[in-house]
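Below is one structure, written out as structure tokens; the observations come after it.
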Amino acid sequence: MILLDRVTKTYGKSSVPSLDRVSIHVEPKEFVIVIGQSGAGKTTLLRLLTREERPTSGKIIIGGIDYDKLKDKDIPLLRRKIGVVFQDFKLLPNKNVFENVAFALEIVGISNREIKHTVPKVLEIVNLKGKEKRMPRELSGGERQRVAIARAIVRQPRILIADEPTGNLDPKHAWDVIKVLEKINRFGTTVLLTTHNEEIVNKLKRRVITVHGGKVVSDRANASYKD
């Protein structure tokens, strides 16, 4: 599902790579946590996966798509296979919950009939049934993040990247978000989660990839933050 083979990324004339010969293989339907301090290379890794950046060297294959052969015109198709959730939600403030999620379908030309059929199902998955008409300002931080997750999965991506999705949330709302990510994973979506939250890592006991200084220094199954 996700394959990075000796991937290096260097910015500009810097002699120090942001990522240095990183190799990672993630199977379909896995739930993988990526940890590392700020500046370790996590953001660069995610930007490479979504093709916002190109590697300096090495090979990337996502969902059977070889990035070396990917034409610019095909990048939107790639990004439909990858849902992304950010720490700061990125909701449209003048659209309600239903409209925020529907917007992800509207921009790719899905019919209104299909939108009316699909969006309620997705809102039920993220436990927001009955809040379709709420505006973002009327929601808690956890609810806003779940709207963002709904928007990211409404096109049924095969991979969901969650970049510090609980970073701005209190513990209760953070766990609400994590439980939704686990539910989505059980439905068959590959989940890649980056987090600084030790409690989440330790309780989930999932595969943990640790990035430090642009290198993968640890890759362990059923791991805790300190492993």
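The values are calculated or read from the model by the stated rules, or taken from the named source; none is laboratory data. Because the structure is a prediction, the values reported are computed rather than measured. Here the Cβ positions follow ideal geometry from the backbone for every residue, glycine too, while neighbour counts run over all protein chains shown.
The set of residues in segment 37-74 that are under 17 Å from the mean Cα position of the chain (by Cα), under 24 Å from Leu105 (Cβ atoms) and at pLDDT below 90 contains only Gly63. Residues in segment 45-66 that are buried (at least 17 other Cβ atoms within 10 Å of the Cβ) and charged (D, E, K, R): Arg51, Glu53. Would you confirm whether or not segment 131-152 contains a residue that is β-branched (Val, Ile, Thr) and in contact with a strand residue (DSSP E or B) (Cβ under 6 Å, 6 or more places away or on another chain)? Scanning segment 131-152, I find at least one residue that is β-branched (Val, Ile, Thr) and in contact with a strand residue (DSSP E or B) (Cβ under 6 Å, 6 or more places away or on another chain), so the answer is yes.
Exactly one residue among Thr194, Thr166, Thr189 is modelled with pLDDT of 95 or more, among the polar types (S, T, N, Q) and out of contact with any Cys (no Cβ under 9 Å at 6 or more places or on another chain), and that residue is Thr189. Only one of the numbered conditions (1) outside any helix (DSSP H, G or I); (2) surrounded by 15 or more Cβ atoms within 10 Å (Cβ to Cβ); (3) at pLDDT 95 or above is violated by Val147, and that is (1). In segment 153-176, the residues that are more than 26 Å from Met1 (Cα to Cα) form Cβ pairs under 7 Å with partners that are of a type in the set (Val, Ile, Thr) and part of a loop (DSSP other than H, G, I, E, B), at six or more places apart or across chains, as follows: Ala174/Thr166. In segment 1-15, the residues that are more than 25 Å from Phe31 (Cα to Cα) and free of Cβ contacts under 8 Å to residues at least 24 places away in the same chain form no Cβ pair under 7 Å with any partner that is in a strand (DSSP E or B) and not hydroxyl-bearing (Ser, Thr, Tyr), whether six or more places apart or across chains. The sole residue among Leu123, Leu128 that is part of a helix (DSSP H, G or I) and of a type outside the set (Phe, Trp, Tyr) is Leu123. The residues on offer are Lys203, Lys215, Lys131, and the sole one that is touching an Asp or Glu at 6+ places or on another chain (Cβ under 8 Å), under 19 Å from Val34 (Cβ atoms) and not hydrophobic (A, V, I, L, M, F, W, C) is Lys215.
Number of residues in segment 113-152 that are basic (Lys, Arg) and under 17 Å from Phe187 (Cβ atoms): the value is 4.
Here are some residues: Lys69, Lys42, Lys121. Which one is under 23 Å from Thr195 (Cβ atoms) and either out of contact with any helix residue (DSSP H, G or I) (no Cβ under 9 Å at 6 or more places or on another chain) or crowded, with 20+ Cβ neighbours inside 10 Å (or both)? Sole residue among the options that is under 23 Å from Thr195 (Cβ atoms) and either out of contact with any helix residue (DSSP H, G or I) (no Cβ under 9 Å at 6 or more places or on another chain) or crowded, with 20+ Cβ neighbours inside 10 Å (or both): Lys42.
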